[in-house]
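Nothing in this text is a laboratory measurement; each read-out follows from the coordinates by a stated rule. Just so it is clear, the model here is predicted, and its values are computed rather than measured. Please note: Cβ atoms are built from the backbone with ideal geometry, for glycine as well, and neighbour counts cover all protein chains shown.
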Amino acid sequence: MEIRDDYKFLRVEDAFKALHLNISLIGVIVELDFPTASDCSCTLKIIDPWHSGSGLPVKLIARANRSLPRVESIGDVIFLSSVKIVLVSRKITALCNETSSSFALFNGEHGEGFVPYQSSPKFRIRDQDKSFLSNLREWMITYKFDDGSCCFTSLKDIKEGEHLNLNCQIVHVSKDDKDRCYIFVWDGTEMPPCSFVAKSERLPLCVEPEMMLPTHVLRTFPTFGSVLRIIVENVTEKQAIQCLQPGQHVKFLNLFLQVNMGLWSATFSPSTKMQYTPRREMQSFSPQRMCREKFSSRWNPITRCISSPSHSGITGVAHEDAPFVTLMDILTYSNVTAKFRCVVRFIQVFPRDVRNFHDLNGKFKLLAILEDATARIHASLYADEGDKFFGCDPSDEEALIKKLNKLLGGDRMNEAPRNPPWVQCCLFSYYRNKNDQWGSRRFRIFDTWINAK
């Protein structure tokens with residue numbers, strides 16, 4: 001298709017009145033659906049300074065998925081030429097067909113250049129187009145998008161089995177060896193703790209798709225609030241999330257929430273969309289705004305938001321003067337070896353049978369999975385520290401079982417759901433291999449005990 005030099009842009013509000021006409025448009029992308037593999041199409045919404053509604057739907061159809069727009073960021077600008085205004089599911093929609101229409105995508109940031117990062121083969125930008133593009137970029141600096149924010153749910157209010165809209169920050173995007181993609185997102189709040197059913201297999205950690213994320217990646221994670229994993233398996237969904245980068249603020253519409261092995265996760269539904277987040281919201285959505293209480297200690301100088309989280313009192317520690325830190329603080333601490341005090345839940349222990357807590361030499365050995373709102377870690381109880389922790393005769397199986405069940409929030413062998421209590425404990429980190437200190441970093445419980453009452 002030849003792109004004529006005399007085409008004119010129609011305002012978005014006027015496009016709603018141009019049914020069955022072929023027109024050209026320029027607009028800011030404020031919402032993005034995921035491509036449909038069956039018909040090689042995708043849908044997005046655009047706005048401009050003269051349209052204050054939710055946006056004009058634009059459906060783009062191509063011969064192959066690779067020809068569809070690959071939007072790098074919600075808020076980018078799209079040029080559309082010779083699109084037809086039609087009705088799709090009774091909604092006015094601009095139809096961009098590869099055979100008769102063309103498009104071009106530009107970075108939406110103010111001050112960027114005039115070269116599209118993706119365009120149809122015959123698209124050519126004119127001088128007057130550059131003026132339109134500059135004006136749109138400048139307008140978007142102060143524009144407030146009416147997205148119905150009252151319909152968004154915080155992570156602290158999520159419920160299993162429900163669909164919700166989430167306003168969040170992208171923390172990390174990764175892929176495992178089974179080609180599943182994971183989007184780690186955060187909004188500064190803490191997800192509700194989950195109940196557990198006794199399992200013989202080891203529970204997964206929060207920050208491991210298939211294996212633990214490396215330390216340099218974990219250090220980009222926030223150290224307070226919960227990080228939710230969005231699991232992406234569909235091929236077309238993977239193509240759509242290529243525009244997501246750590247640090248971006250995105251609104252997801254119609255995510256499905258579920259719990260598996262005590263871990264919250266989300267998946268895309270057929271109606272899931274990504275929506276624009278204005279810069280004004282991005283600037284206010286920051287740890288500095290949410291976290292104002294700070295202190296440091298002689299134990300480890302970690303800046304904290306919460307100085308005294310509540311716990312059940314089931315355990316006692318020998319270092320009451322030490323500050324509380326989160327497990328993500330511990331995972332991302334700058335030194336390999338350090339001591340910490342935290343409030344956690346014991347969600348699983350190995351071995352499960354108290355008769356196997358001591359080895360053939362009579363030495364105590366136990367591995368626990370600890371959890372707080374930010375992460376899960378493995379931590380060991382070893383030798384005298386293990387005996388101190390339970391505070392009873394190693395041969396008194398009944399006393400060990402009673403204390404263990406109290407710690408786990410129910411019978412460790414029972415299939416009934418249990419809700420482990422929050423307890424305080426002291427941890428220290430160490431390494432097993434001097435030549436690979438970070439790779440061999442481990443955690444051990446010390447100077448902690450289960451109270452008699």
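Rounded to the nearest whole Hz, the Karplus-based 3J(HN,Hα) values (6.51 cos²θ - 1.76 cosθ + 1.60, θ = phi - 60°) of the range 173-189 follow the sequence 10, 9, 9, 9, 6, 9, 6, 7, 9, 10, 10, 9, 10, 8, 10, x, 10, with x at glycine and proline. Note on the range 12-142: with charges restricted to the Cβ of Lys and Arg (+1) and Asp and Glu (-1), its dipole about the Cα centre is near 500 debye. In straight-distance terms, cross-link reach from LYS178 covers every one of the lysines whose alpha-carbon lies under 26 Å from its own, apart from those fewer than eight places away in the same chain; here that gives LYS199, LYS238, LYS273.
Using equal-weight Cα scatterers in the Debye expression, the normalised intensity of the range 12-142 in log10 at q = 0.12, 0.18, 0.21, 0.23 Å⁻¹ is -0.41, -0.97, -1.35, -1.62. Here is the link list: LYS91/LYS251; LYS17/LYS156; LYS175/LYS388; LYS159/LYS339. Which ones come out longer than 32 Å on Cα distance? In this structure, LYS17/LYS156; LYS175/LYS388; LYS159/LYS339 exceed 32 Å between Cα atoms. Backbone geometry of the range 385-400 corresponds, through the Karplus equation with coefficients 6.51, -1.76 and 1.60 at θ = phi - 60°, to 3J(HN,Hα) couplings of 5, x, 5, 5, 4, 8, x, 9, 4, x, 7, 8, 4, 4, 5, 4 Hz, x marking Gly and Pro. Each peptide in 370-377, 153-160, 420-427 was scored by the mean count of other Cβ atoms within 10 Å over its residues; highest first, the order is 370-377, 420-427, 153-160. In what sequence do TRP139, TRP449 fall when counting other Cβ within 10 Å, fewest first? Fewest-to-most ranking of TRP139, TRP449: TRP139, TRP449. Shown here are the Rg and Dmax of the Cα trace of the range 315-450, at 14.9, 45 Å.
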